[in-house]
Structures are given as structure tokens and as C-alpha cells.
1. Do any residues in the range A:104-132 that are in the same structural domain as A:Leu154 (by TED's automatic domain parsing) have Cβ atoms under 6 Å from those of residues that are surrounded by 13 or more Cβ atoms within 10 Å (Cβ to Cβ) and aromatic (Phe, Trp, Tyr), where the two are at least six apart or on different chains, and which pairs are they?
2. How many of the residues making up the range A:29-49 are within 13 Å of DNA strand D (Cβ to nearest atom) and within 14 Å of another protein chain (Cβ to nearest Cβ)?
3. Does the range B:39-51 contain at least one residue that is within 11 Å of DNA strand C (Cβ to nearest atom) and within 27 Å of B:Lys128 (Cβ to Cβ)?
4. Kindly check whether there is at least one residue in the range B:133-140 that is of a type in the set (A, V, I, L, M) and buried (at least 18 other Cβ atoms within 10 Å of the Cβ).
5. Name every residue in the range A:5-27 that is away from DNA strand C (no atom under 14 Å from the Cβ) and either of a type in the set (A, V, I, L, M) or away from every other protein chain (no Cβ under 11 Å) (or both), in order of residue number.
6. May I ask you to list the residues in the range B:109-122 that are of a type outside the set (Lys, Arg) and at the interface with chain A (Cβ under 9 Å from one of its Cβ atoms)?
7. When the residues of the range B:134-159 are narrowed to those that are among the charged types (D, E, K, R) and closer than 17 Å to A:Gln104 by Cβ, which ends up farthest from the other protein chains (Cβ to nearest Cβ)?
8. Could you check A:Asn2 against (1) within 13 Å of DNA strand C (Cβ to nearest atom); (2) more than 10 Å from chain B (Cβ to nearest Cβ); (3) modelled with pLDDT of 95 or more and say which number it fails?
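The values are calculated or read from the model by the stated rules, or taken from the named source; none is laboratory data. None of these values were measured; they are calculated from a predicted model. Please note: Cβ atoms are built from the backbone with ideal geometry, for glycine as well, and neighbour counts cover all protein chains shown.
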Number of protein chains: 2
Amino acid sequence: MNVRTLCLGFLSTQEATGYEIKKEFEEGLFSHFIEASYGSIYPALNQLAADGLVTVREEEQSGKPDKKVYAITTAGHAALSKWLSVVPARDKYKSEFLFEMYLQHYLTAGHTVVAIEKQLSHLRDDLKCIDQCRAEGNSDEGATFIMGYGEAVLTASVSYLESKLVEMKSRAAKAAE
Amino acid sequence: MNVRTLCLGFLSTQEATGYEIKKEFEEGLFSHFIEASYGSIYPALNQLAADGLVTVREEEQSGKPDKKVYAITTAGHAALSKWLSVVPARDKYKSEFLFEMYLQHYLTAGHTVVAIEKQLSHLRDDLKCIDQCRAEGNSDEGATFIMGYGEAVLTASVSYLESKLVEMKSRAAKAAE
DNA sequence: TGATGCATGTAATCCGTTACATGATTCA
DNA sequence: TGAATCATGTAACGGATTACATGCATCA
């Protein structure tokens, strides 16, 4: 799924500027499974506008730069429906962390622990993000579904890593005896 | 992490051809968190050989095409150590499935169920793959770690989706009353 | 006889990230 | 005064996928 579809999908729920979309992708509901940079969002938005799938409205702001608010059109809704009617591609998960853990014998025990703790902190950040989204009142069916999924997966990862850390520490303690 | 590092990492555990590396990435231990096509693996291998990080040995086979077996060198081990000493980048997870679930109101209930069932079947395939790897005797520390992680995460996803399906069906039954 | 597995490779193309460019305001 | 936030955009670059090219053996 390209950035164009992602933007259009987001705009189907609310009007937004490119800046806001980026923020939503990295701090909001989608943060743990979507990524997009300004370098891809702004051109995508221009493309969507050129194709008549969204409209643009320029708004002046006092004390802040002007902004361009995008809103989905009827044609946009139709296009989105069509794109979504294709059963989605498989999830893509890439983990340097796991690859590194597989190659543990190359690492010192200390480095391994640091890597695990960093991974844990990323996972906890994502969990916190979901909690916050829930607190902010995202409660429609779609939001509930994806928050629940994220929570389930992230919680399982955290539990696993925590138990592994305990295991490693007790082993290290034994080895030190 | 680029394909070059991935290949070198794999070769640090065993000799292999490009073809075998691809297979291992898509059917083996790594299948759920690594992806690479021939179009990236073969050039990467040539690069590694040119840099002296691996050696190549051509083997003739009867009834099969010749193959090039790659093996890591001392310089390769050193380079890998260095690359791994950097704490790994954050995991990247991209899910069209979740995005589509967020936009459920665009979908028919039937389409949603189909999408969930397809997702479930992917997840179960990945789980089966891990089971098989375990059955085939991958039991060193690194392998155990990543198989356990994968299992924990995938199992949690499957449970979540299964419970969601039940929930949706009971709601549909109620609506039909 | 046609698909599948084994085996390697290249070129075109796509898509996205990174870095750069600009600029006002607010907060520490 | 310097960093962070708001706000939009382009150009260079990188990295990988896709499609193409080749060819033999085996199995259904």
C-alpha cells in the first residue's frame, strides 16, 4: 500500500493537513504499523488533489504558517472503496533486533541485554501510545479493533522479553558462582 | 539492515548458495521477519566476495545446474562483528490489514471476515514454519530465542483475531434476530 | 507436455528516505 | 539565544522489487 492510499484513507475519517497526517502516522493510532515521511506525504497529497480525489483549502493562521487543509471528495471515496476491495497484502515485519538475537554468539552478554532493553523500551512506547489514543476517546469499531490487536501483540512481546531477561540474569548469576 | 549484512550473517552460521539463502529467508527460521529477493541477494553476494568477506567455491552437480557455495572469511567475521556492535534499528512493521480494519466502515461484513481469515491463515503458516524449524532441531540459543519470540507474538495475534471473529459472528446473529 | 524445482544473474523501474531550503513564533 | 513547533516543499540518492533471460531434470 503506497502513501497515496494511506493519506486518502486517513482523510476519509477527517480533514487534515500534510503536517497533521504525518503526526497522526507517527504518534497516533497508526504509529506501530505505518510510516511515511514528508518527502512522500506532500507529493502524495498533491497527486490526490490533481486526480480530484481530494480538495484543498488554504487557511491563514495568525502566528503560524499558512496551512493547506485537504478533504476527501466523492470520487475519493469511490477510489478508496475500490482500492480496499482488494484483499490486503501480507503484513511486512522486518526486525534487525531478531536477526541480531539470532547471532547472539557474536555479541557480549552486556550488548545483548542492552539490545533487549532497547527493544523493550520501544515496545512500551508503542503500548503507551495506544493507551493514550484510547484515553483520548478513539472508540469506533475500527479504532477499537486495531488498538486491541496492537495491545495483544505488543504485550506478548514485552512479556516474552521480560521473561528472557530474568532467565539470562539467573544464568549469569549461576555462572558467577 | 541491508541484504549484504543479512547474507553475511547467515553465512556466519553455515556455508550456502544464494538460492539456499533465499529459501532459508522465506521458509526457515527468518521467514516472519526477513525478506529478500534474488535480485538483491545475488548482487549482495558478489559484493561480499569482491570485498573479501566471503569466498566462493563452484560446485558441479549431476542433473542440476552448477552452484556457487559461499563461505565467510576471517575478514567477514570481523566485519560482521563490527556491524552488529551498533544497536539495531527499530523494528519495522507495516500492515495493510490493520489499516483496512481501521477503515472497516468501507467494507462489507463479508469482506472483513475474509480479510481476517486470510490474516489468520498467514499467521498460522508462520507458526507452522516455526514448529517445523524446531522439529528440525534448531536449538542453539539464538534460534531458541527468535523462535520463542515469533511464537509468542504470532500466538497472541491468532488468539486476538479468533476472539474477534467469534464476537463478530455473535453480533451478526443478534442482528439477524 | 506442462508445471515445478534447482540455479544464477541483469536491467528497468518504483518508491521512499534523507537532506536541503525557508521562515515565523514560542518557550526555556 | 538557541531549540522546538508549526508548516510546506523539492531534489538527489539509495535500495529493493519485478520482470526478464536461460536451461536442465523430474514428476504428474
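1. A:Gln119/A:Phe97
2. 3
3. Yes, because at least one residue in the range B:39-51 is within 11 Å of DNA strand C (Cβ to nearest atom) and within 27 Å of B:Lys128 (Cβ to Cβ).
4. Going residue by residue through the range B:133-140, those that are of a type in the set (A, V, I, L, M) are B:135.
Pick out the ones that are also buried (at least 18 other Cβ atoms within 10 Å of the Cβ) and you get none.
Within the range B:133-140 (the criterion being of a type in the set (A, V, I, L, M) and buried (at least 18 other Cβ atoms within 10 Å of the Cβ)), the answer is no, since none of the residues qualifies.
5. Within the range A:5-27, A:Leu11, A:Gln14, A:Glu15, A:Ala16, A:Glu20, A:Lys23, A:Glu24, A:Glu27 qualify.
6. B:His111, B:Val114, B:Ala115, B:Gln119, B:His122 - these are the residues of the range B:109-122 that are of a type outside the set (Lys, Arg) and at the interface with chain A (Cβ under 9 Å from one of its Cβ atoms).
7. B:Asp140
8. Evaluating A:Asn2 over (1) within 13 Å of DNA strand C (Cβ to nearest atom); (2) more than 10 Å from chain B (Cβ to nearest Cβ); (3) modelled with pLDDT of 95 or more leaves (3) as the failure.
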